[in-house]
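Chemist: For reference, the structure I am asking about is given below.
Computed from the coordinates by the stated procedures, all read-outs in this text should not be read as laboratory data. All values reported here derive from a predicted model rather than from experimental measurement. Because the Cβ atoms are built from the backbone with ideal geometry, glycine has one as well, and the counts that use them run over all protein chains shown.
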Amino acid sequence: MTAKPPSLLDWHIAAPAVGESFKKLDPRRMFRNPVMFVTLIGAALTTAAAFTAPASRGFVIQLAVWLWFTVLFANFAEAVAEGRGKAQADSLRKARKDTVARRLHDGREEPIPAPELRQGDLVVCEAGDVIPADGEVIEGIASVDEAAITGESAPVIRESGGDRCAVTGGTRVISDRIVIRVTAEKGHGFLDRMIAMVEGARRQKTPNEIALTILLAALTFIFLLVCVTLKPFGIYSATPFPLPVLVALLVCLIPTTIGGLLSAIGISGIDRLIRRNVMATSGRAVEAAGDVDVLLLDKTGTITLGNRMATAFLPAPHVTPERLAAAAQFASLADETPEGRSIVVLAKQQFNLRGREVAEQQAKFVPFTAQTRMSGVDFSGANGHPPCAIRKGAAEAIRVYLDQLGGQFPAAVSQAVDEVARAGGTPLVVVEDRDVLGVVQLKDVVKGGIKERFAQLRAMGIRTVMITGDNPLTAAAIAAEAGVDDFMAQATPEAKLRRIREEQAAGHLVAMTGDGTNDAPALAQADVGVAMNTGTQAAREAGNMVDLDSNPTKLIDIVEIGKQMLITRGALTTFSIANDVAKYFAIVPAMLMATFPVIAPLNVMRLASPESAILSAVIFNALVIIALIPLALRGVAYKPIGALAILQRNLLIYGLGGVVIPFLGIKAIDVLVTALKLV
Amino acid sequence: MEAADWFQLVVYVAALAAITKPMGLYLMRVLDANGRTWLDPLLRPLERLTYRFVGVKPDCEQDWKQYTVAMLIFSLVSCLFTYAILRLQHLLPLNPQGFGALSPDLAFNTAVSFTTNTNWQSYSGESTMSYLSQMVALTLHNFTSAATGIALAAALVRGIARHSVKTLGNFWVDLVRVTYYLLLPICLVFAVVLVSQGMIQNFKPYTTAKLVEPMKISVAKVDQDGKPVTDKAGRPVMETHTVTEQTIVQGPMASQVAIKMLGTNGGGYVNANAAHPFENPTPLSNFLQMLSIFAIGSGLTYFLGRMVSNQAHGWSVWAAMMALFLGGVLLCWHSEAAGNPIHQQLGVAAADGNMEGKEVRFGVFNSALFATVTTDASCGAVNAMHDSFTPLGGFVPLFNIQLGEIIVGGVGAGLYGMLVFVILAVFIAGLMVGRTPEYLGKKIQSYEVKMAMLALLVLAVSILGFAAWAVVSSWGLAGLNNGGPHGLSEILYAFSSANGNNGSAFAGLTTNTPWWNTTLGLAMLTGRFLMIVPIMALAGLLARQKVSPPSAGTFPVAGGTFVGLLLGTILLVGALNFLPALTLGPVVEHLLMLHGKLF
């Protein structure tokens, strides 16, 4: 997938789009867009009138031609937007080659075409195999090349259990052997969903799009009424308005600009999201992203750099730092988490301790469990090391452990724990049998620039909530350092879900990211749930977006894209409606000129003749659609400067600009039309 | 455009601003079923008795459908009641002049007219209506139609202010409380003030006086049923009378005038309406009448701000109304003061502008101001002939009505009409701040847009549709006494006025014919009830929504930008529809006048 958008004039997209514009003239398809449907009827009526027009046939023919162009330009805008998606879909489709899968049946492998795989089937993939369908790894570990969907060439690790078990059909195993349980059948896989999204095949109108369509349809109806009733008013005033002129007025008044570009805006919004490697399951989700006003962000990886690192050993009274460091290192040897590893590294750096050699002698490692919330090591007493049990864990867990053993938790250590926590660190307490040796300080490193990002979000009216498993003191310190608005400490999946429900009950729209299976309920509950591509299948199913780059910060981009899509629609609607003022001043005086020459002062643009005035307005109306296609595809720029400032800026550009620009444009076209002697 | 007139304009706006807050605060109490007022000792027992008498449970709130149905039933029953009285007038008491029954179409038109708060009068009050008809059939509606409008506005505001509920209040309670606590007491005081200015209030038969100088007049000939006689071409037959004596009207005038103004009804006791010396005796009575037209509508904007806990929003809506009001007044006043260039060339022009059809007592400014006020609000009382205004001077009242009478507007109706535009403005521009449009925390989505646009559609369909029919049908043209663009203006004005429930007329149109009475009646019904139903549906939907709390990303509904946006939306979405028709009417007429052609 290309990160750079193709040029708007890309011939490979524009050329098929021209053909597509004609195909879209099918009235059954046009009917879905009331504004352009009315334009189509108008173009047809004017064409018919061109054959019967007794006088000024050239003028009527030109009108008809430009009315057809108006419809075609709108179709072209939609076709270009779709074409850009199609180019991406084609590259995705290449990845969806039908392969032969190796299905495990009663312990034996049998070849079966991938499309015939059923949910729950087990398949084997070895180095070089293309994974035949979406699924979860239930056995083994492998490196997988996911470039086909993410564009990222570095392979990723997929292993059974845990949060990295999901694999996507169409990706390729590079090393080792894994067994996969199929979770999605042909046609329902991740790749299929992506292709469908990109092509817009199953694109449903979003709520705002529906509301806007209703507004535009109602305006079209009102203007239709205005033009139809103008006929009798004309008869009364002894001014029989010819049909082509009434059609010209109608088409100029109905909001063809936004009507023609509306679907292109929606398609290109999703397209922009895909370019940032985010897959949305529906346009509705993208739109909801614009409305989000609460972001739940995981601390780790989003707000802080990766993981906490050990930064200091704080021994208890009468304990040497070396003893604490040695014990902490022993307790962490079996701890493969980044925190554990950082303790080992710190002990080595500060005291040149190499625990592994010692520990290889007769030590029994106690891994971390959710029940004890501690990890450690038991020495049996053989090979010189005295028998003892070393544990490290959160202060609360150690306190409980000591209570069982009948040990004491020294006040000085308690104080050290609090101090570390208050400073935003995570205290781990180390005990040897019943003696508390001291505290290991783990600290988070807040990402550079994240504070400014949160300030921007605040200006957008979005509140950020940091979610962390840390204790409240630690959480508060990091929250202050990172500049988030609120935090949730010691968060469990249930607490997260509850928090989302509370925010929603208070009228907020919540977005969150998640990767683990236990995030799934919260992802499903959130209005915008962005699952990490590295996450579990459950998480990817639960969210309504998947970030292929697995970058939690991208939520902020997603919000911006959602907002941009809404702003573009609003801006072009405002522009379209504001355009009517100039068109009235062009057409209405021209219509009355013959009967009431006194109307001349209303011809403020001093257009050359009634016919050139009407033609110029219609030409402007058609050309403005083409001129605005780039804006519709690119979207109006969004700046986080607060609602009032954005409103003022956009009202000035698209409201006031929408009033002024057509005056200039119609005048310029009129000069040209007159110079070329078109009428 | 003299200094004294400017001064009066400033005083008028200042006085209006000053009464807005107290009126709004009092409305808060009146429109709260448990609200306390200082009239409680007197009116509370009466209120309770009323509920018991008609069997209303005042604590029982209604959802939007129940509320709307209650309102429709009430309107239907009261309309039939009035129809019956008008048809049986000759059999009923308090008829010293011995007026006969009204024709079916006139009775229909009149009953509908008063039920819908329009008070379009296809008749002359002093020569058609008995005292009983005036006092019971018509004055009843002056109160109840006004109270109904206020109740509906309150229901919509409650829908905006409340959240996660279905109910909007109780129609019967709102109706009773508005009538008892708001309209009756103020009218009582107001009527006394008007009597102090010289307005009459009695039950005497009309008196006659011999004219010092007999005069000849030309009037439309009527048959026995009171219908105008027409010739073969469908034009009314005129006959000449010599008048030697004058009949001087008497009756209970002050009581009806007070509510006619306060309730933005506008139906005159006499045909000359507020131009008649009895119905508008002094400059002070003129000023107070104009102020009372805007009083409740203006107070309702404060009520809105209070109810939604965003007073700045209430004042912003008020400011938008005032901007449109001042624009109208200045254009109308300027055009009237500039006068008619042809009169000036002929040397017959009055010194201070176009005085044709105006009371010398009020002059150009007070006529222009009154015309603007009465059409901004859907009052329809007049103190000058709008038909005789200069083309652009007459354009202003016509345009005001076509905007939907949202500039302060009819009591209640003005606010709910304005809120439709607020919702449209919020929807169109709201997208531009990058969120699903929100109005005071409520999302504006397809259903809300549909209802708002339906209300707008009703306006355009009814005005343009009926007027287009009239200008090409012999029935429509039969009533027309002026040709050309001015005739078109008259027809547009008639249907705009009926549909907007204004009731004022560009005279020059004989509308007491079955076709006109019926179509105008239908336009009044459409403009009132077809507009109300979508608006009440909107209220019901808004009440049910949750509220999203405001943030920096929330669309601002107060302040200069919002006012500008609202004005832009009103002018672009509301007004542009009527521009082509208006161009063929007053605009062309104005340009022709500049070239020396009159109609």
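Chemist: First check a/c for segment B:207-248, with a ≥ b ≥ c the square roots of the eigenvalues of its C-alpha gyration tensor; if it is under 1.5, answer rounded, and if not, answer prolate when a/b is larger than b/c or oblate otherwise.
Modeler: Working: a/c = 5.30, a/b = 2.16, b/c = 2.46.
Here segment B:207-248 falls in the oblate category.
Chemist: Moving on to the next point. Put +1 on the Cβ of each Lys and Arg and -1 on the Cβ of each Asp and Glu in the protein assembly as shown; which of B:G500, B:L566, B:G297 then has its Cα farthest toward the positive end of the dipole?
Modeler: My answer, from the dipole projection, is B:G500.
Chemist: Still on this structure, I have one more. Shielding of A:212-221 by partners, i.e. mean partner chain Cβ atoms within 10 Å per residue?
Modeler: 5
Chemist: Another question, if that's okay. Any chance you could give the angle, 0 to 90 degrees and rounded to 10, that helix A:190-199 forms with the longest Cα principal axis of chain A?
Modeler: 20
Chemist: Positive end of the dipole of segment A:186-340, charges at C-beta (+1 Lys, Arg; -1 Asp, Glu), about the Cα centre: which of A:A325, A:S263, A:L224 has its Cα farthest in that direction?
Modeler: Value: A:L224.
Chemist: Sort B:S497, B:S316 so the one with the fewest other Cβ atoms within 10 Å of its own Cβ comes first.
Modeler: Details: B:S497 32, B:S316 24.
Ascending Cβ contact count within 10 Å gives the list B:S316, B:S497.
Chemist: For A:A101, what residues show an amide H to amide H distance below 5 Å, using hydrogens built from the backbone and excluding near sequence neighbours?
Modeler: Distant-sequence amide H within range of A:A101: A:I112, A:A114.
Chemist: How well do other chains shield peptide B:589-597, expressed as the mean number of their Cβ atoms within 10 Å of each residue Cβ?
Modeler: For peptide B:589-597, the averaged partner shielding equals 2.
Chemist: Turning to a different aspect of this structure: Tell me whether chain A comes out rounded, prolate or oblate; compute the Cα gyration tensor, take square roots of the eigenvalues as a ≥ b ≥ c, and use a/c under 1.5 as the rounded threshold.
Modeler: Working: a/c = 3.85, a/b = 2.28, b/c = 1.69.
Prolate, since a/c reaches 1.5 and a/b exceeds b/c.
Chemist: Could I ask something else about it? Per residue of segment A:495-510, in order, report the coupling 6.51 cos²θ - 1.76 cosθ + 1.60 (Karplus, θ = phi - 60°) as ³J(HN,Hα) in whole Hz, putting x for Gly and Pro.
Modeler: Ordered by residue, 3J(HN,Hα) equals 4, 4, 4, 5, 4, 4, 5, 5, 4, 5, 5, 7, x, 8, 9, 10 Hz.
Chemist: May I pose another question? Once both labels are modelled 7 Å past Cα along the beta-carbon direction, what's the A:L405-B:T208 spacing in nm?
Modeler: 12.3
Chemist: A further question on this structure: For segment A:269-324 and segment A:483-517, what is the centre-to-centre distance using only Cα atoms, to the nearest Å?
Modeler: Segment A:269-324 and segment A:483-517 have Cα centres separated by 13 Å.
Chemist: Given Cβ point charges of +1 (Lys, Arg) and -1 (Asp, Glu) and nothing else, what value in debye, to the nearest 20, does the dipole of chain A about its Cα centre take?
Modeler: Details: 67 positive and 66 negative charges, 493 e Å.
With only Lys, Arg, Asp and Glu charged at Cβ, the dipole is about 2360 debye.
Chemist: If you don't mind, there's one more thing I want to ask. Just rank A:R649, A:R354, A:R164, fewest to most, by other beta-carbon atoms within 10 angstrom. Show your work: numbers first, answer last.
Modeler: Details: A:R649 15, A:R354 12, A:R164 20.
Ranking A:R649, A:R354, A:R164 by Cβ neighbours within 10 Å, fewest first, gives A:R354, A:R649, A:R164.
Chemist: For n ≥ 4 DSSP H runs only, could you compute -39500 (n - 2.57) per run for chain A, divide by its residues and tell me the 222 nm figure to the nearest 500?
Modeler: Estimated from H runs of four or more residues: -16500 deg cm²/dmol.
Chemist: How far is helix B:139-161 tilted off the main Cα axis of chain B, in degrees rounded to 10, range 0 to 90?
Modeler: The helix B:139-161 is inclined about 30 degrees to chain B.
Chemist: Sticking with this structure for a sec: Indicate the gyration tensor shape class of segment B:155-291 (rounded, prolate or oblate), computed on the Cα atoms with a ≥ b ≥ c the square roots of the eigenvalues: a/c under 1.5 is rounded; otherwise a/b larger than b/c is prolate and the rest oblate. List each step's numbers first, then the result.
Modeler: Working: a/c = 3.26, a/b = 1.72, b/c = 1.90.
In terms of gyration-tensor shape, oblate.
Chemist: Another question, if that's okay. Using θ = phi - 60° and the Karplus form 6.51 cos²θ - 1.76 cosθ + 1.60, what ³J(HN,Hα) does each residue of segment A:117-125 get, whole Hz, x for Gly and Pro?
Modeler: Once rounded to whole Hz, the list reads 5, 10, 4, x, 5, 9, 10, 9, 10.
Chemist: Whole-Hz ³J(HN,Hα) for each residue in segment A:320-325, computed from phi via Karplus 6.51 cos²θ - 1.76 cosθ + 1.60 with θ = phi - 60°, x for glycine and proline: what do you get?
Modeler: 7, x, 4, 5, 4, 4
Chemist: Could you give the size of the charge dipole of the protein assembly as shown about its Cα centre, using +1 on the Cβ of each K and R and -1 on the Cβ of each D and E, expressed in debye and rounded to the nearest 20? List each step's numbers first, then the result.
Modeler: On the way: 99 positive and 95 negative charges, 206 e Å.
Dipole of the protein assembly as shown, to the nearest 20 debye: 980 debye.
Chemist: Tell me, how many Å apart are the Cα centres for segment B:269-310 and for segment B:386-412?
Modeler: 16
Chemist: Another one. At a 10 Å Cβ-Cβ cut-off, how would you order A:W11, B:W333, fewest neighbours first?
Modeler: Working: A:W11 9, B:W333 25.
Lowest count first: A:W11, B:W333.
Chemist: May I pose another question? Which entries in the list A:K563/A:K639; A:K554/B:K442; A:K205/A:K563; A:K23/A:K86 go over 21 Å, if you measure between the two C-alpha atoms of each? Each step should come with its number before you reach the end.
Modeler: Numbers: A:K563/A:K639 10 Å; A:K554/B:K442 28 Å; A:K205/A:K563 16 Å; A:K23/A:K86 16 Å.
Listed pairs above 21 Å: A:K554/B:K442.
Chemist: What whole number of Å gives the distance from the Cα centroid of segment A:95-129 to the Cα centroid of segment B:176-198?
Modeler: 88
Chemist: Something else about it: Which whole number gives the average, over all residues in A:223-229, of C-beta atoms from other chains lying within 10 Å of the residue C-beta?
Modeler: Values: counts 4, 0, 8, 8, 1, 3, 13.
Average neighbour count from other chains, rounded to a whole number: 5.
Chemist: Using only the alpha-carbon atoms, how far is helix B:104-115 inclined from the longest principal axis of chain B? Give it as 0 to 90 degrees, nearest 10.
Modeler: 40
Chemist: Around A:A312, which amide H atoms from residues at least 5 apart in sequence, or from another chain, sit under 5 Å from its own amide H, with H modelled in the peptide plane?
Modeler: Those qualifying (amide H under 5 Å, at least 5 residues apart or on another chain) are A:Q441.
Chemist: How much FRET efficiency would the formula 1/(1 + (r/R0)^6) give for A:A147 and A:L664, where r is the Cβ-Cβ distance and R0 is 35 Å, rounded to 0.05?
Modeler: Working: r = 50 Å, r/R0 = 1.42.
The pair A:A147/A:L664 has a calculated efficiency of 0.10.
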